[in-house]
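First the structure, in the form of structure tokens, and then the observations on it.
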Amino acid sequence: MKKEIEYEILDSHVFVTKLAGFEHSEYIQENETTEKINDDDIPLVQGKNIRNGRFVEKYDYYIKKEISDKLTRSKLTKDCILIPYVGSNLGEVGIFYHKYDCQLASNIAKIELRDNTFDLEFLKYYLQSPLGQAFLFQSKQGSAQPNITMEAIRRTNVAKYDYTYQLKIAKVLKLIDDKININNRINDNLCY
């Protein structure tokens, strides 16, 4: 007899947040620069920094460290998942591997693990899957500019697998992704 899959609500095991609108207008908008002015300026992470499941380290804007330090909830200080919740790459999922601090710009959510229920790589692949995307988009709002709500992210059901099994799934999928990226780089080099 086939065992039925159990699900966990994501919010029970993660912290989900974003940069609030008032924080953007009060702290970010007037203070962002298009290049680093000081050595300790913090890059702003936008939705375009998440592409094809990867974090793209190319920044258009920076903010002073003192300002970023005031916005602790939306500061990126550890490995986490990022999801643009408005815009052209709505619902893409990628991992920010913390090499240095960054600051969320508007329209991008972060998911930080609170416990060891989920492996970060497994969770990324799950949220990228058709099932994960269906949960994320279950209460999509807006017609002119669709968006995913924070509540939809928090209420996403995630298949509950043993942690060791999650690691195996993530390892296989990462190997496939790595091969695809190698082939894409080869193709890019052949075109030029």
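The values are calculated or read from the model by the stated rules, or taken from the named source; none is laboratory data. For clarity, every value in this text was computed on a predicted model and none was experimentally measured. Glycine also receives a Cβ, built like all others from the backbone with ideal geometry; neighbour counts cover every protein chain displayed.
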Residue within segment 108-130 that is buried (at least 17 other Cβ atoms within 10 Å of the Cβ), of a type in the set (Val, Ile, Thr) and touching a Cys at 6+ places or on another chain (Cβ under 8 Å) present: yes
Enumeration of residues in segment 149-168 that are buried (at least 17 other Cβ atoms within 10 Å of the Cβ), over 16 Å from the mean Cα position of the chain (by Cα) and part of a helix (DSSP H, G or I): 166
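Conditions (1) within 21 Å of residue 127 (Cα to Cα); (2) of a type in the set (S, T, N, Q), marked per residue:
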{"position": "12", "(1), (2)": "yes, yes"}
{"position": "20", "(1), (2)": "no, no"}
{"position": "41", "(1), (2)": "no, no"}
{"position": "54", "(1), (2)": "yes, no"}
{"position": "71", "(1), (2)": "no, no"}
{"position": "80", "(1), (2)": "yes, no"}
Residue 25 being polar (S, T, N, Q), crowded, with 17+ Cβ neighbours inside 10 Å and either outside any loop (DSSP other than H, G, I, E, B) or modelled with pLDDT under 95 (or both): no
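Please specify each residue of segment 56-83 satisfying the condition of being outside any loop (DSSP other than H, G, I, E, B) and closer than 19 Å to residue 177 by Cβ.
Residues of segment 56-83 that are outside any loop (DSSP other than H, G, I, E, B), as a first pass: 62-63, 65-70, 72-76, 80-83.
Within segment 56-83, 80, 81, 82, 83 meet the criteria.
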Among (1) buried (at least 18 other Cβ atoms within 10 Å of the Cβ); (2) part of a loop (DSSP other than H, G, I, E, B) - the single one residue 3 does not satisfy: (1)
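Is it the case, given these coordinates, that residue 137 is at pLDDT 95 or above, at negative phi and aromatic (Phe, Trp, Tyr)?
Considered against the rule, which asks whether it is at pLDDT 95 or above, at negative phi and aromatic (Phe, Trp, Tyr), residue 137 comes out as no.
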